[in-house]
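Visitor: Sending over a structure as structure tokens; questions will come in a sec.
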Amino acid sequence: MNGVESNGQAKADMRVRLRGVEFKNPVLVASGTFGYGAEAKKYCDIEQLAGIVTKSVSWKPRPGNPPHRIIETASGMLNSIGLANVGVHTFVSEKLPYLAKFDTKIIANIAASSMEEYRDVLEHIEQHATPNLVGYEINISCPNVKDGGLSFGTNVERTEELTTLLRASTDRLLIIKLTPNVTSVAPFAQACERAGADAISLINTLVGMSIDIYTHEPRLNTVTGGLSGPAIKPIALAQVYQARKACGIPIIGIGGIVSAEDTVEFLIAGACMVQIGTANFVHPDAGIRVARGLAEFLQKQNISAVGDLVNSLRIRAELKAAGW
Ligand SMILES: Cc1cc2nc3c(=O)[nH]c(=O)nc-3n(C[C@H](O)[C@H](O)[C@H](O)COP(=O)(O)O)c2cc1C
């Protein structure tokens, strides 16, 4: 409920609803940048986050790619972790029960190399679901593995088929995580909506590269990797805006968000929630800082509810008429 600050001003309502699920604020932490919660707990009061999107989990454990698999770049980082994860059996026996102790929502991110694997992982988690597991984020957008979801995420028909299949296996939130590595995100957003996804999240990392000019070797063991961090924010924002114009389901904005102001831009462009990724490597409590900053922004701007910002972009009539 809305409280009242000591200065008499009403606190802004930070709550967000995705279908039936109420989040305490719009700020989640992004898959692969917050582990399974335990790693960051020492530095971050997890319960102030709207929720945690867990590291992509596959059927079998994966060691990931050999080093080097993280490189710092101007305003960002390149990674080729390669979906290193504990596998779904350890995920449900250790990670989910640990996360169940916290008053925050958990979204399980799933990665796989076939339709059947996606479905089997999801159904296995369903059978062992904990009370705060509210949904799934389906990673069809990892650029760092040869047999990863990008073959789904860059094909509209396969995106729709996979979403339809998974929709039949769960009543929890089904969120499809889209890649920016396509010509246009619009048909993918529409395919997810047609197939019954509750929301889409975007963006995952962009394919990037870095070269050691003395050895002439690529700096990442996999030659190319995924670029993230502030460098990708303008691209992410444009993709959220394009997806917003193309579909009617909720959008979760991701990409280079480090501050409350960044978040406000994503909300104005049409996202109703955001995820904080690379910023967690600088400050493990980045999500909390962003959520607090957002509450202060709303209060200072006399905005009573965070929802009032969503999709509030103003585009002059003549630009709209010209198709922008
Ligand atoms: C080191 C690292 C590991 C990641 N692992 C995953 C992953 O396992 N699954 C996934 O869907 N996204 C993964 N991502 C992508 C992030 O969740 C996010 O979409 C992307 O980094 C863009 O957001 P950012 O610029 O705020 O980091 C990873 C990103 C980084 C930097």
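Visitor: Assess whether residue 195 counts as being touching a Lys or Arg at 6+ places or on another chain (Cβ under 7 Å), within 30 Å of residue 124 (Cα to Cα), touching a residue at least 12 places away in the same chain (Cβ under 8 Å) and more than 12 Å from the ligand (Cβ to nearest atom).
Guide: Criteria met by residue 195.
Visitor: Can you list residue pairs whose Cβ atoms sit under 7 Å apart, with the first residue in the stretch 44-58 being closer than 9 Å to residue 288 by Cβ and touching a residue at least 60 places away in the same chain (Cβ under 8 Å) and the second being within 16 Å of the ligand (Cβ to nearest atom) and part of a strand (DSSP E or B)? Count only pairs 6 or more apart in sequence or on different chains.
Guide: Sorted first by the residue in the stretch 44-58, then by its partner, the pairs are 49/27; 49/28; 49/29.
Visitor: Give the stretch 163-179 a look and list any residue that's within 16 Å of the ligand (Cβ to nearest atom) and either more than 23 Å from residue 245 (Cβ to Cβ) or modelled with pLDDT of 95 or more (or both), or say none.
Guide: Within the stretch 163-179, 163, 166, 173, 174, 175, 176, 177, 178 qualify.
Visitor: Please enumerate the residues belonging to the stretch 282-317 that are farther than 20 Å from residue 252 by Cβ and open to solvent by 90 Å² or more (accessible area, probe 1.4 Å).
Guide: Once the filter is applied, which keeps residues that are farther than 20 Å from residue 252 by Cβ and open to solvent by 90 Å² or more (accessible area, probe 1.4 Å), the stretch 282-317 yields 282, 296, 300, 301, 302, 314, 316.
Visitor: Looking at 42, 24, 60, can you tell me which residue is of a type in the set (Lys, Arg), in contact with a helix residue (DSSP H, G or I) (Cβ under 9 Å, 6 or more places away or on another chain) and either modelled with pLDDT under 95 or within 20 Å of residue 125 (Cα to Cα) (or both)?
Guide: Testing whether each residue is of a type in the set (Lys, Arg), in contact with a helix residue (DSSP H, G or I) (Cβ under 9 Å, 6 or more places away or on another chain) and either modelled with pLDDT under 95 or within 20 Å of residue 125 (Cα to Cα) (or both) leaves just 60.
Visitor: While we're on this one: State yes or no: is residue 112 open to solvent by less than 60 Å² (accessible area, probe 1.4 Å), among the small types (Gly, Ala, Ser) and more than 17 Å from residue 138 (Cα to Cα)?
Guide: Considered against the rule, which asks whether it is open to solvent by less than 60 Å² (accessible area, probe 1.4 Å), among the small types (Gly, Ala, Ser) and more than 17 Å from residue 138 (Cα to Cα), residue 112 comes out as no.
Visitor: If residue 145 meets every condition in (1) open to solvent by 10 Å² or more (accessible area, probe 1.4 Å); (2) farther than 23 Å from residue 256 by Cβ apart from one, which number is that one?
Guide: (2) is the only condition that residue 145 fails.
Visitor: Looking only at residues in the stretch 267-324 that are among the acidic types (Asp, Glu) and part of a helix (DSSP H, G or I), which one is farthest from residue 52 (Cα to Cα)?
Guide: Among those residues, the one meeting the criterion is 318.
Visitor: Considering only the stretch 194-229, how many residues are over 20 Å from residue 184 (Cα atoms), out of contact with any Asp or Glu (no Cβ under 8 Å at 6 or more places or on another chain) and not charged (D, E, K, R)?
Guide: As a first pass, look at the stretch 194-229 and keep what is over 20 Å from residue 184 (Cα atoms): 196, 198, 209-225, 229.
When the remaining residues are screened for being out of contact with any Asp or Glu (no Cβ under 8 Å at 6 or more places or on another chain), the result is 196, 198, 209-210, 212-217, 220-225, 229.
With not charged (D, E, K, R) added as a condition, the list becomes 196, 209-210, 213-216, 220-225, 229.
Final tally of qualifying residues: 14.
Visitor: Pull out all pairs, ordered by first then second residue, where Cβ-Cβ is under 6 Å, the residues are six or more apart or on different chains, the first lies in the stretch 199-226 and is without any contact (Cβ under 8 Å) to a residue 60 or more places away in the chain, and the second is assigned to a strand (DSSP E or B) and open to solvent by 80 Å² or more (accessible area, probe 1.4 Å).
Guide: From the stretch 199-226, the pairs are 218/211.
Yes or no, residue by residue, for (1) out of contact with any helix residue (DSSP H, G or I) (no Cβ under 6 Å at 6 or more places or on another chain); (2) over 23 Å from residue 41 (Cβ atoms):
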residue: 216; (1), (2): yes, yes
residue: 230; (1), (2): yes, yes
residue: 233; (1), (2): yes, yes
residue: 249; (1), (2): no, yes
residue: 280; (1), (2): no, no
residue: 291; (1), (2): yes, no
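The values are calculated or read from the model by the stated rules, or taken from the named source; none is laboratory data. What you are looking at is a predicted structure, and each value in this text was computed from that prediction instead of being measured. Virtual Cβ from ideal backbone geometry, glycine too; neighbours counted across all protein chains shown. The accessibility values were calculated without ligands, DNA or RNA, using every heavy atom of the protein model including side chains. Shrake-Rupley method; radii C 1.70, N 1.55, O 1.52, S 1.80 Å.
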